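I have placed the structure first, in the form of structure tokens, so that the comments after it can refer back to it.
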Amino acid sequence: MESLLVNLTVTVDQRHKVGLFSIGLDAYWGQFAGLRELLEGYNREIAARIAGFGAEVVNLGMVDAPEKAIAAGHAFRQADVDLIFLHVATYALSSTVLPVVRRSKVPVILLNLAPLAAIDYAAFNAMTDRTAMTGEWLAHCQACSVPEISNVFRRCGIDFHQVTGMMDESDEAWAEIADWIAASKVAHRMEHNRMGVMGHYYSGMLDIYSDLTLQSAVFGTHVEIVEVDELSALRREVAAEAVAARVVEIREAFDVQTDCSDAELERAARTSVALDRLVAEYGLGSLAYYYKGTGIAENEDALSSIIVGNSLLTARGIPVAGELEIKNVQAMKIMDCLGAGGSFTEYYANDYVDDVILMGHDGPGHLAIADGKAKIRPLGVYHGKVGRGLSVEMSVKHGAVTLLSVAEDGKGSLKFVVAEGESVAGPILEIGNTNSRYRFSIGSRRFMQEWNEQGAAHHCAIGVGLQSGRLAKLAKLLGIGCVRVC
């Protein structure tokens, strides 16, 4: 019997790729001169625009018969595409679509894109050749087979999504297509992410306890359990030269306050270098941690000096969440993949005078979305935690923001809880923590009640810009719910 053993040490192509194919009916080509060539031109135009959004496109061109559909399904599967755009170029039989999508087994987006805003009825009706008239009509007949395809997908249990609009690049459909591509990239990156989990939960904080298997099931994330002892051991081996170099880097990245001692800066620098080595050793793309460290002085020293290094990692696209907040480090990673940041946050207080909510958190912040340089301040005590040391104080840039919580849906899966708001100027609590003022369109009272009603944990990720559209699409690609509060 032929062996099917595969050498798994071979490097696997893990690039994000999207598929594209157009559909038509092969019987038309001999009847209507130039129709196929016109529609294939639309296919190439769509491929170029999708590539312009930063996607690697696997374009199979025109699929116009069931036999080609079977071959296309195999081709997409072999290419390992993450998403398929199905361009409905004209009327086509659903039998030329189903084999492609069934075999590919990836999300599919129906592109119902008309070549023009409207047919020129006067010019069309002035045509004297009725065969040519029919060919011209068929070039505008994108909407015709979408109901047929949708019906078949529903009956076959195939989830699908639609973009309806025009080929004109200024049409809103293209922004929607760009959002689908962005969402698919995030899903791809989450599926290939290695999340480190170090330490244990904050005792009694029941809302953050997480099902690691569920995280892997929904996102595809690999979970790597790492030891605090290993971080302490790596820290022990950091040379003085590396510590000095990291102190310089810290002074460049932060506004180091004058009451920060050299000894505390060196302690933080040593831990930061060790943390980088731990992340590199395990190939981590995110990390959730918490550890009391009591009873072992070396571990306490490492964990009480970790905040600055965590902030540097978060700024590099490797988010770190304290209190072993696994759900929230997933949210932080998602926001970072969208280029929005993703800083750890929670409610601080409600300001009813200005109708804003103060939100922030102790520990690391996302330096890339800070309003100016983040400050480093020394704290004599970490409230509710063991030890003392340096902490990061920053506010999120003023302007549009999006909050994301990865929450349990109460039905055995996850959901997104999303809100859009604004980071606004005004007084904050200068306590050595991240802290910002957020205003929401529905007001602070209603926001708090409606957000809390969704059962999200008390932490969330804050990112810049309005991201709800892309997050909703990502949720659809993942097969989970998405609730937008405002």
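The values are calculated or read from the model by the stated rules, or taken from the named source; none is laboratory data. Since the structure is predicted, the reported quantities are computational estimates derived from the model, not experimental observations. With ideal geometry, Cβ positions are generated from the backbone for all residues, glycine too; neighbour counts draw on all protein chains shown. The area values use the complete protein model at the heavy-atom level, side chains included, leaving out ligands, DNA and RNA. Shrake-Rupley method; radii C 1.70, N 1.55, O 1.52, S 1.80 Å.
Please report the Cα spread of the range 269-416 along all three principal axes, rounded to whole Å, starting with the longest.
Projected onto its principal axes, the Cα set of the range 269-416 covers 44, 38, 29 Å.
Rank these residues by their accessible area, most exposed first, probe 1.4 Å: ARG270, ARG189.
The ordering from most to least exposed comes out as ARG189, ARG270.
Let me make sure I get this right: for the range 1-137, a, b and c are the square roots of the gyration tensor eigenvalues over alpha carbons, sorted descending. Under 1.5 in a/c it's rounded, otherwise prolate if a/b > b/c, else oblate. Which is it?
prolate
By its C-alpha gyration tensor, with a ≥ b ≥ c as the square roots of the eigenvalues, how is the range 258-314 shaped: rounded for a/c under 1.5, else prolate for a/b larger than b/c, else oblate?
oblate
Out of the range 215-287, which GluC sites (Glu not before Pro) are coil in DSSP terms and have no more than 14 other C-beta atoms within 10 Å?
Answer by residue number: GLU227, GLU237.
What chymotrypsin sites (Phe, Trp or Tyr not before Pro) in the range 314-378 are in a loop by DSSP, with at most 13 other Cβ atoms within 10 Å of the Cβ?
TYR352
Take ILE334, ILE431 and sort them by solvent-accessible surface of the protein heavy atoms, 1.4 Å probe, largest at the top.
From most exposed to least exposed: ILE431, ILE334.
In deg cm²/dmol, rounded to 500, what helix-only [θ] at 222 nm does the chain give when every DSSP H run of at least 4 residues adds -39500 (n - 2.57) and the total is split over its residues?
After summing the helix terms and dividing by residue count, I get -11500 deg cm²/dmol.
Based on the Cβ-Cβ distance from ARG77 to ALA297, what FRET efficiency comes out when R0 is 51 Å, to the nearest 0.05?
0.40
Report the extension gain between SER413 and GLN31 in nm, rounded to one decimal, defined as 0.36 nm multiplied by the number of residues separating them, less their alpha carbon distance.
Gain in length upon complete extension: 132.3 nm.
Can you tally the net charge around ASP168? Count Lys and Arg as +1, Asp and Glu as -1, for every other residue whose Cβ sits under 13 Å from the Cβ of ASP168.
With Lys, Arg at +1 and Asp, Glu at -1, the net is -3.
Quick one: accessible surface of ASP171, probe radius 1.4 Å, all protein chains present, in square angstrom to the nearest 10.
30
Quantify, in whole percent, the carbon and sulfur part of the accessible surface of the range 412-465 (1.4 Å probe; protein heavy atoms only).
46
What translational D, rounded to a whole number of µm²/s, comes out for the chain from Stokes-Einstein when the hydrodynamic radius is the Kirkwood one over Cα pairs, at 37 °C and 0.692 mPa s?
In µm²/s, the coefficient rounds to 131.
Tell me the accessible surface of SER94 in square angstrom (1.4 angstrom probe, heavy atoms of protein chains only), to the nearest ten.
SER94 has an accessible surface of roughly 20 Å² with all protein chains in place.
For the chain, what does the accessible surface come to per residue with a 1.4 Å probe? Please give it in Å².
43
Using a Cα-Cα cut-off of under 16 Å, which lysines could be cross-linked to LYS105, ignoring same-chain neighbours fewer than 8 residues away?
Of all the lysines, those that pass the test against LYS105 - Cα under 16 Å, at least 8 places apart if same chain - are LYS17, LYS476.
In terms of the Cα gyration tensor, with a ≥ b ≥ c the square roots of its eigenvalues, is the range 126-193 rounded because a/c is under 1.5, prolate because a/b exceeds b/c, or oblate?
Because a/c hits 1.5 or more and a/b fails to exceed b/c, the range 126-193 counts as oblate.
Quick one: dipole size for the range 89-156, taken about the Cα centre, charges +1 on Lys/Arg Cβ and -1 on Asp/Glu Cβ, in debye to the nearest 20.
580
Give the angle, between 0 and 90 degrees and rounded to the nearest 10, that separates the Cα long axis of helix 326-337 from the longest principal axis of the Cα atoms of the chain.
With rounding to tens, the tilt is 60 degrees.
What size of dipole, in debye to the nearest 20, comes out for the range 330-486 about its Cα centre when the only charges are +1 on Lys and Arg C-beta atoms and -1 on Asp and Glu C-beta atoms?
380
At a probe size of 1.4 Å, how large is the accessible area of TRP137, to the nearest 10 Å²?
Using a 1.4 Å probe on the heavy atoms, I get roughly 120 Å².
When the accessible area of the range 81-221 is split by element with a 1.4 Å probe, what percent falls to carbon and sulfur?
53
FRET efficiency for CYS144 and ASN452, Cβ-Cβ distance as r, R0 = 51 Å, nearest 0.05?
The calculated FRET efficiency here is 0.60.
From the protein chains alone at 1.4 Å, what is the descending order of accessible area for LEU25, LEU20, largest first?
Greatest to least solvent exposure: LEU25, LEU20.
Between ARG102 and ARG445, what FRET efficiency follows from the Cβ-Cβ distance if R0 is 30 Å, with the result rounded to 0.05?
Step by step, r from the Cβ atoms, then E = 0.05.
Quick one: length gained pulling GLU56 to THR131 fully straight, 0.36 nm per residue minus the C-alpha distance?
My answer for the length gained is 23.1 nm.
Farthest toward the dipole's positive end in the chain, which of ILE225, GLY41, GLY365, given Cβ charges of +1 (Lys, Arg) and -1 (Asp, Glu) about the Cα centre?
Working it through, the farthest residue towards the positive pole turns out to be GLY41.
Can you compute the charge dipole magnitude of the range 185-327 about its Cα centre, using +1 on each Lys and Arg Cβ and -1 on each Asp and Glu Cβ, nothing else charged? Give it in debye, rounded to the nearest 20.
Charge dipole, the range 185-327, about its Cα centre: 460 debye, nearest 20.
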